[in-house]
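One structure is given here, and the rest of the page talks about it.
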Amino acid sequence: MPKVIIVGGVAGGATTAAQLRRIDPDIDITIYEKGRDISYGNCGLPYHIGGEVAERDQLIAATPESFLERDIIVKTHHQVIGVDAGSKTIQVKDVLNGGTFEAEYDYLVLSPGGAPRTIPTLLDVPQAFVLHSLEHLDEIKAHIENKNIERAVVVGGGYIGLEMVENLVRRGIRVTLVHRAENLYHPLESDMSGFIADELEAKGVDVKLNAEILDVDGDIATLSTGEEIDAPMIVAGIGITPRTDFLKDSDVAMNDAGYVCVDQYGRTNHEEIYAVGDAIETSYQHVDRPVNVALAWSAHRMAYVISNQISGDKTAHFEGLLGTNIIRFFDYDIATLGLEISELKEYPHFVIDHKQKNKAGYMADSVPIHVRLHVAQSDGKILRAAVVGTEGVDKRIDVLSAHIRLGGTAMDLANIEVAYSPPYSSPKSVLNMVGYKTMEKMNRLKDG
């Protein structure tokens, strides 16, 4: 009976284990997880703070006990500290008791995830937190309740930071947002993001741009601008780094940033070692370029591929990522897919921009929606898309994602047949209009 060891028991690791057990009722599965918990909704953590997820336990999908009922052994508080691919063994540290031991595998699945980036200034500050696990969630909630927190500082104006701002405000806490750059939410084009500052102002958030925390004394934080701000609680949301230090002597191939390189089967440079989740480098689906994206869809899809590969279905494969993502920020939704803005310069392209109402303009509840495409000059391929609005953003970005995966170009959007009725769309939807605009642009380029 093959023995499978999985390193990490949150999204990618837990899903791989569950898929493996579904396919093969006899295969030997053990999960080693360095933390306290497994298989929880990491993306939902901020929404419990804000109250939309009413009960903490609603975030938990599985426990070691529920996995044991399926004959999957889970060892929490067990950190894998080394991998020997030659002997097919791992070194494991019992975090609580301090002992170490070796375990043998036939297949190894790496799902260590990412670690939240830290700010040196905040490392020894008792009221400073990150939010990346259920343990972090419990610490933040306890601090809010025990200290009767009415004001808080959020560091970082990216994905995590904006989610924290929104949910702390929804909880009734006055928030100061400290961001070290001029533009907020860098995944979105800067000239499309002006509404973010407007929303922050409307919600009473005090925004400090081009600023960093240099020192914290008691409940007062001093910024690089010289300003002092109240900081009885600080939450840093400045991204993650791959938890792959334990692989540095393993001969498992990684890129310069420490992400594990995998092929279309989720396999590393070793036949018996696979990797899934936030700590891997895979490739884009629409262009030949490596990418690492911490998104739940890709982790679940790769878990399916790996579990099928291990179980003998060698046809299962990962087609690549578009990086389709969306975030709600108060009344607005922000969605993007495709290349990052910084990557576009390597591809000759033009921009198609279109704004219109999300449904028939005469409907009282119609609202503006903004779509931008970056289109390859050579063939009309959609390299990147961004959609912003207060309604219907998720529908448009999902259509674009499916369209690109099926080989559709920007011109082909003119042929997308929408389900039209005045409460839902327009006879020529915003995506149809983008398609027509692209056709006109391509014709002008051909004419010279």
Does residue 258 satisfy the criteria of being crowded, with 20+ Cβ neighbours inside 10 Å and small (Gly, Ala, Ser)? no
Is at least one residue of region 339-361 under 16 Å from the mean Cα position of the chain (by Cα) and either outside the structural domain of residue 27 (by TED's automatic domain parsing) or more than 18 Å from residue 284 (Cβ to Cβ) (or both)? yes
Condition first: over 22 Å from residue 14 (Cα atoms) and of a type in the set (Phe, Trp, Tyr). Can you find one or more residues in region 297-318 that meet it? no
Residues in region 33-63 that are touching a residue at least 40 places away in the same chain (Cβ under 8 Å) and either farther than 18 Å from residue 132 by Cα or out of contact with any strand residue (DSSP E or B) (no Cβ under 8 Å at 6 or more places or on another chain) (or both): how many? 12
Residue among 6, 73 that is over 21 Å from residue 163 (Cα atoms), modelled with pLDDT of 95 or more and in contact with a helix residue (DSSP H, G or I) (Cβ under 6 Å, 6 or more places away or on another chain): 6
Could you list, in sequence order, the residues of region 226-267 that are without any contact (Cβ under 8 Å) to a residue 60 or more places away in the chain, among the charged types (D, E, K, R) and assigned to a strand (DSSP E or B)? 228, 267
Selection from region 135-189 of residues hydrophobic (A, V, I, L, M, F, W, C), in a loop (DSSP other than H, G, I, E, B) and in contact with a strand residue (DSSP E or B) (Cβ under 7 Å, 6 or more places away or on another chain) yields 173, 188
Restricting region 419-441 to residues that are in contact with a helix residue (DSSP H, G or I) (Cβ under 7 Å, 6 or more places away or on another chain) and surrounded by fewer than 19 Cβ atoms within 10 Å (Cβ to Cβ), which is farthest from residue 396 (Cα to Cα)? 439
Selected residue (only one of 366, 401, 425 is hydroxyl-bearing (Ser, Thr, Tyr) and free of Cβ contacts under 8 Å to residues at least 12 places away in the same chain): 366
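Okay, residues lined up against (1) in contact (Cβ under 8 Å) with a residue 60 or more places away in the chain; (2) closer than 28 Å to residue 339 by Cβ:
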position: 128; (1), (2): yes, no
position: 137; (1), (2): yes, no
position: 156; (1), (2): yes, yes
position: 170; (1), (2): yes, no
position: 176; (1), (2): no, no
position: 182; (1), (2): no, yes
position: 189; (1), (2): yes, yes
position: 203; (1), (2): yes, no
Checked region 405-418 for anything loosely packed, with under 15 Cβ neighbours inside 10 Å and in contact (Cβ under 8 Å) with a residue 24 or more places away in the chain; matches are 405
Do we find that residue 379 is touching a Ser or Thr at 6+ places or on another chain (Cβ under 7 Å) and not polar (S, T, N, Q) in this structure? yes
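Where residues in region 294-311 are part of a loop (DSSP other than H, G, I, E, B) and within 19 Å of the chain's Cα centre (by Cα), which of them is surrounded by the most Cβ atoms within 10 Å (Cβ to Cβ)?
The first filter runs over region 294-311 and keeps only residues part of a loop (DSSP other than H, G, I, E, B), leaving 294-295, 311.
When the remaining residues are screened for being within 19 Å of the chain's Cα centre (by Cα), the result is 294-295.
Numbers: 294: 21, 295: 17.
Looking at the filtered set, the residue picked out is 294.
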Yes or no: residue 391 closer than 27 Å to residue 327 by Cβ and at pLDDT 95 or above? yes
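From 81, 90, grab the single residue that is at pLDDT 95 or above, part of a strand (DSSP E or B), among the β-branched types (Val, Ile, Thr) and out of contact with any helix residue (DSSP H, G or I) (no Cβ under 7 Å at 6 or more places or on another chain).
Details: 81 fails: out of contact with any helix residue (DSSP H, G or I) (no Cβ under 7 Å at 6 or more places or on another chain).
From the options 81, 90, the qualifying one is 90.
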With a cut-off of at least 3 residues that are among the small types (Gly, Ala, Ser), name the strands (runs of 3 or more DSSP E) lying wholly within region 343-448. 382-389
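The values are calculated or read from the model by the stated rules, or taken from the named source; none is laboratory data. Keep in mind it's a predicted model, so treat the numbers as computed, not measured. Every residue, glycine among them, receives a Cβ derived from its backbone with ideal geometry; neighbour counts consider all protein chains shown.
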